[in-house]
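See structure below.
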Amino acid sequence: MYQPVYPQTDRTPHITADGTKFNIKQASRYRYVALSRNLLKRWGGQFDYGDYILLEGTPNKDGIYQVRDTMNPKFSNVVDILESTTVRPYRYDNVKLFKLNV
């Protein structure tokens, strides 16, 4: 998970990599995710900005999210859920992503 604050984001934490603007105080409500570059189409992956994904394998965060952001290049095969600054940090390993055809 990540929160819309510097240094977890760039200096425009209210704007995702695809240009979507959102209210920082309500970040969790949007159900946006950032994917590592290797998962995004522009770097050879299968997902594109705007795609809806099904996330499975978490105790309480399974569900449908929308791809809107990109992670730092140092990460690979990772998904980050955008959360409000009031949410306590968490991490899940071995989650599964499925692209939904909407």
| remark: How many residues of segment 1-31 are closer than 20 Å to Leu100 by Cβ and among the β-branched types (Val, Ile, Thr)? The answer is 2
| Residues within segment 10-21 that are at negative phi, without any contact (Cβ under 8 Å) to a residue 40 or more places away in the chain and either assigned to a loop (DSSP other than H, G, I, E, B) or surrounded by 16 or more Cβ atoms within 10 Å (Cβ to Cβ) (or both), tallied | 6
| query | Yes or no: Arg37 touching a Phe, Trp or Tyr at 6+ places or on another chain (Cβ under 7 Å) and closer than 23 Å to Val87 by Cβ? | reply | no
| said: Condition first: modelled with pLDDT of 95 or more, at positive phi, among the small types (Gly, Ala, Ser) and loosely packed, with under 14 Cβ neighbours inside 10 Å. Can you find one or more residues in segment 54-69 that meet it? | reply: yes
| Of the residues that make up segment 22-39, is at least one surrounded by fewer than 11 Cβ atoms within 10 Å (Cβ to Cβ) and part of a loop (DSSP other than H, G, I, E, B)? | no
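What number of residues within segment 29-51 are among the hydroxyl-bearing types (Ser, Thr, Tyr) and over 11 Å from the mean Cα position of the chain (by Cα)?
Result for segment 29-51: 0.
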| Which numbered condition Ala34 misses (of (1) more than 14 Å from Leu97 (Cβ to Cβ); (2) in contact with an Asp or Glu (Cβ under 6 Å, 6 or more places away or on another chain); (3) in contact (Cβ under 8 Å) with a residue 40 or more places away in the chain) | (1)
| message | Please go through (1) without any contact (Cβ under 8 Å) to a residue 60 or more places away in the chain; (2) surrounded by 12 or more Cβ atoms within 10 Å (Cβ to Cβ) for Tyr6 and return the number of the only condition it doesn't satisfy. | response | (2)
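Within segment 37-66, work out how many residues are of a type in the set (Gly, Ala, Ser) and in contact with a helix residue (DSSP H, G or I) (Cβ under 9 Å, 6 or more places away or on another chain).
2
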| field | Single residue of segment 70-98 satisfying the filter (among the polar types (S, T, N, Q) and either surrounded by fewer than 12 Cβ atoms within 10 Å (Cβ to Cβ) or touching a Pro at 6+ places or on another chain (Cβ under 9 Å) (or both)) that is farthest from Ile15 (Cα to Cα) | value | Asn94
| message | Need the failing condition index for Gly45 against (1) small (Gly, Ala, Ser); (2) free of Cβ contacts under 8 Å to residues at least 12 places away in the same chain; (3) exposed (fewer than 13 other Cβ atoms within 10 Å of the Cβ), just the number. | response | (3)
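The values are calculated or read from the model by the stated rules, or taken from the named source; none is laboratory data. As the structure is a prediction and not an experimental result, all values here were calculated from the model. Positions of Cβ are generated from backbone atoms using ideal geometry, with glycine treated the same way; all protein chains shown enter the neighbour counts.
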